[in-house]
1. As a footprinting exposure proxy, order 114, 109 by other Cβ within 10 Å, with the fewest listed first.
2. Once label points are set 7 Å from the Cα along Cα→Cβ at both residue 93 and residue 152, what is their separation, rounded to one decimal in nm?
3. Report the extension gain between residue 81 and residue 28 in nm, rounded to one decimal, defined as 0.36 nm multiplied by the number of residues separating them, less their alpha carbon distance.
4. Once the piece of chain linking residue 48 and residue 100 is laid out straight, how much longer is it, given 0.36 nm per residue of separation minus the C-alpha distance between them?
5. Using a 10 Å cut-off around each Cβ, can you sort 28, 56 from fewest to most neighbouring Cβ atoms?
6. Please report 55, 142 as a ranked list, fewest other C-beta atoms within 10 angstrom at the top and most at the bottom.
């Protein structure tokens, strides 16, 4: 029995980082759920950092993401990338609608959270995590622990919840 258990553990070991990231999904309030939060490790002198995640709305009414904050930053903003005059440009947005029965992906070159005036950079290294609070117009707040990674994770399947 012990031999079988050890073999099973050895087979599962390579999947552990993916399973660990997949387990960081208990971030929900009402019909809203935040899954696969992450941030990229940056050099210690980086003035800003971005946070990414997917917001799923399993309900029958839309909600609006109206604000964000984190104790690791003096301020936090929603940004998006747009194509303007043939160039990609980043711009701040005040809110993001989360459609009923849909999802919105916060990812590189899309919507993302910019953390500015960084305060506690000790949480912004690989293997650490920092807190993020998302404020929704109807549902209230969702607190998220954002793991910091050396490499971006594989995107999750959002085909059932596309925006």
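1. Numbers: 114 17, 109 9.
The order, fewest Cβ neighbours first, is 109, 114.
2. In this crude label model, residue 93 to residue 152 measures out at 1.7 nm.
3. Numbers: separation 53, 0.36 × 53 = 19.08 nm, distance 2.62 nm.
That pair, residue 81 and residue 28, stretches by 16.5 nm at full extension.
4. 15.5 nm
5. Numbers: 28 14, 56 23.
So the ranking, lowest neighbour count to highest, is 28, 56.
6. Numbers: 55 24, 142 20.
Neighbour counts put them in this order, fewest first: 142, 55.
Since every read-out is calculated from the coordinates, none of them should be taken as a lab result. Source: prediction; values computed, not measured. Counting neighbours? That spans all protein chains shown, and the Cβs are built from the backbone with ideal geometry, glycine included.
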